[in-house]
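The values are calculated or read from the model by the stated rules, or taken from the named source; none is laboratory data. Keep in mind that what you see is a predicted model, and the values were worked out from it rather than measured. All Cβ positions, glycine included, derive from the backbone under ideal geometry; neighbour counts span all protein chains shown. With ligands, DNA and RNA removed, areas are computed over all heavy atoms of the protein, side chains included. Shrake-Rupley method; radii C 1.70, N 1.55, O 1.52, S 1.80 Å.
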Amino acid sequence: FAATIEEVGVSGIMVSVVAPLPAELPCNELGIIAQGDNKYFLPIRTVLGLQVDEHRVWSNPYSM
C-alpha cells in the first residue's frame, strides 16, 4: 500500500495512508498498530523496502 513516512524510530516507523484505507490494517500479527486518523506504526521488520517511482532506495534485510 502507498503511505507517507511521518516518523522514523529505532523500533519502527509511523506512516500515514491515503484513502482507500488498506483493509488489512491494523494487523496485530505483524505488530502494525493504529495511531489515529489514517496513521499506523509499523515495526521495522514488517517494512520490505522503500521505493521512489520505479527506483528502490532501500531494502530491509530483516523483513519478515
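For the chain, what is the accessible area per residue in Å² when the probe is 1.4 Å?
Details: 4720 Å² over 64 residues.
Roughly 74 Å² per residue, with all protein chains present.
Sequence-distant contacts, meaning Cα pairs under 8 Å at least 6 residues apart, place the relative contact order of the chain at 24 percent. Per the 1.4 Å probe, what fraction of the accessible area of the chain, in percent, lies on carbon and sulfur atoms? C and S atoms contribute 56 percent here.
Farthest toward the positive end of the dipole of the chain, out of SER11, TYR40, GLN51, is the Cα of SER11, where the dipole comes from beta carbon charges about the Cα centre.
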